[in-house]
Amino acid sequence: MPIAPDTFFLDPRAEGTLQSQIQKMVAQGILSGRFRLGERLPSSRELARHLGVSRITVTLAFTELLADDYLTARGRSGYYVSDNAPQPHAFTPARRVDTVDWSRALSQRFSGGSGMIKPADWQKYRFPFIYGQTDPTLFDHANWRLCAVQALGQKDFSALTSDYYESDDPRLIEFIARHSLPRRGILAEPDEILITMGAQNALWLAAQVLLNQRRRAAFEDPCYPALRDILHQSRCTLSPVPVDADGLVPEHIPEDTHVVFTTPSHQCPTTATMPLSRRQALLDRAAQKDMLIVEDDYEFEMSFLKSPSPALKSLDTEGRVIYVGSFSKSLFPGLRLGYLVGAAPFIREARALRSTVLRHPPGHIQRTTAYFLSLGHYDALIRRMGRAYHDRRREMESAIDDLGLTIAGQGSFGGSSLWMRAPEGTDMAQVAETLRAQSVLIEPGHPFFATPDGPRNFYRLAYSSIAPGLIREGLRRVQSALPA
């Protein structure tokens with residue numbers, strides 16, 4: 001007897017094509033042991049009628065399962081579970097009684113940091129003033145897909161399957177060296193560039209290589225919360241340095257600092273742009289006190305108002321600046337691809353550390369990105385995003401002015417967010433919860449500050465993922481939620 005068709009059902013919440021859902025449904029039935037070796041499946045006609053899909057959809061799903069040896073076809077008698085199909089594990093897991101005292105067993109703790117938590121379902125909100133997410137209306141899906149397919153081709157088989165050990169995709173390194181870095185005034189050799197799993201991984205590698213319990217790190221206050229967590233984990237001495245309207249103040253950096261972490265082009269989160277005179281003063285202080293500088297240039301691509309200032313590293317004549325770049329901000333955050341640029345001895349150690357932790361970023365991702373960049377799709381995407389962000393920013397500023405909201409910081413070159421200030425005494429974490437119930441997402445500013453007693457009346461509004469026509473109504477709701 002064949003397996004009854006009514007044991008099959010499609011989950012309305014499932015993703016993917018109907019063909020892939022049916023293929024997955026049958027494969028999971030075999031892997032779980034519900035369908036046994038040699039059992040006959042319903043005919044494609046019966047199953048199609050039961051599921052309410054076309055017969056060709058079922059036939060194509062069965063054909064894929066035949067190719068993977070989950071099913072076998074026997075003449076005109078139909079499809080059967082193959083004798084060579086994977087079999088479920090034939091064991092019963094033992095009942096576990098956890099007797100470990102984890103409060104004593106854990107030698108270090110990494111949870112409970114100050115990092116911000118962003119809702120995974122942010123796209124369901126009508127007014128997502130949320131930072132760092134991809135707008136599907138702007139992203140070049142078609143060309144990214146073509147580049148991914150090209151990277152899967154036989155010509156790129158080695159890039160797809162090889163273990164690079166400590167190396168990176170030479171095509172991606174070449175593009176960064178010849179195109180990305182010169183746009184920031186930086187010249188670097190291949191042995192001075194390391195691909196990372198995003199900018200955050202780059203910051204972690206830099207902290208691990210440069211810091212220990214006997215060294216001091218200075219960082220901006222407020223700053224990127226994940227950086228502060230990374231520095232805490234390095235167990236170094238921490239020195240938060242308050243920023244002003246021009247970013248980090250060099251004179252306020254403690255003299256015994258070993259490494260300074262800064263975001264001079266778009267200070268995170270205030271978006272302040274450090275003037276050239278202050279950049280030179282920072283480099284001079286680093287030279288006088290024998291400091292190193294880690295420059296996070298996370299958003300330089302979004303300079304749509306005017307050309308960005310030269311990168312701090314481009315002004316560095318002593319090799320003191322380590323540069324962090326990222327494609328995750330300008331392409332999409334799930335890409336997790338960034339890079340470190342620094343002196344060859346530093347990159348050598350960072351490369352060795354990366355190798356012990358994750359070997360290297362996946363070759364297919366690197367080659368796909370290399371194609372997307374080298375074929376000109378990336379620059380076209382950046383221009384399209386710049387025009388869209390420019391329009392959204394003008395609408396943001398117009399609505400903010402009309403509604404009487406207060407901008408605390410806005411980058412002079414562009415960016416994708418505004419740093420806002422609410423009236424004194426306002427707890428923006430509570431306001432954010434109130435606004436979520438009205439389908440509005442904002443980012444409270446408190447996690448960006450170094451101390452628990454930092455100000456609570458700041459917040460960040462990003463315009464990278466909200467439709468221009470919804471900005472004014474979203475800001476009206478923000479204004480209504482604030483105290484008079």
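The values are calculated or read from the model by the stated rules, or taken from the named source; none is laboratory data. Everything numeric here is computed off the predicted structure, so don't read it as measured data. All Cβ positions, glycine included, derive from the backbone under ideal geometry; neighbour counts span all protein chains shown.
Of all residues assigned to the stretch 344-351, at least one qualifies as being among the small types (Gly, Ala, Ser) and either closer than 30 Å to Ile130 by Cβ or assigned to a helix (DSSP H, G or I) (or both).
Of the helices (runs of 4 or more DSSP H) contained entirely in the stretch 72-175, those carrying at least 2 residues that are touching a residue at least 24 places away in the same chain (Cβ under 8 Å) and under 28 Å from the mean Cα position of the chain (by Cα) fall at 141-151, 157-161, 170-175.
Suppose we keep only residues that are out of contact with any helix residue (DSSP H, G or I) (no Cβ under 9 Å at 6 or more places or on another chain) and basic (Lys, Arg) within the stretch 183-227. Which one would you say is farthest from Pro455 (Cα to Cα)? Filtering first and then ranking leaves Arg214. Name every residue in the stretch 1-36 that is in contact with a strand residue (DSSP E or B) (Cβ under 7 Å, 6 or more places away or on another chain) and exposed (fewer than 14 other Cβ atoms within 10 Å of the Cβ), in order of residue number. The one that is in contact with a strand residue (DSSP E or B) (Cβ under 7 Å, 6 or more places away or on another chain) and exposed (fewer than 14 other Cβ atoms within 10 Å of the Cβ): Arg36. With respect to Lys329, determine if the residue is modelled with pLDDT under 90 and either within 23 Å of Leu418 (Cβ to Cβ) or of a type in the set (Lys, Arg) (or both). Yes; evaluated as a whole, the condition is true for this residue. For Ala61, state whether it is touching a helix residue (DSSP H, G or I) at 6+ places or on another chain (Cβ under 9 Å) and not polar (S, T, N, Q). Here the answer is yes, as Ala61 does meet what is asked. Ile347: modelled with pLDDT of 95 or more and β-branched (Val, Ile, Thr), yes or no? For Ile347, the condition - modelled with pLDDT of 95 or more and β-branched (Val, Ile, Thr) - is met.
Could you go through the stretch 445-458 and let me know if any residue there is in contact (Cβ under 8 Å) with a residue 60 or more places away in the chain and of a type in the set (S, T, N, Q). Yes: one or more hits.
For the stretch 299-314, a tally of residues being at pLDDT 90 or above and out of contact with any strand residue (DSSP E or B) (no Cβ under 8 Å at 6 or more places or on another chain) returns 1. Residues of the stretch 88-109 that are surrounded by 10 or more Cβ atoms within 10 Å (Cβ to Cβ) and modelled with pLDDT of 80 or more: Leu106 alone.
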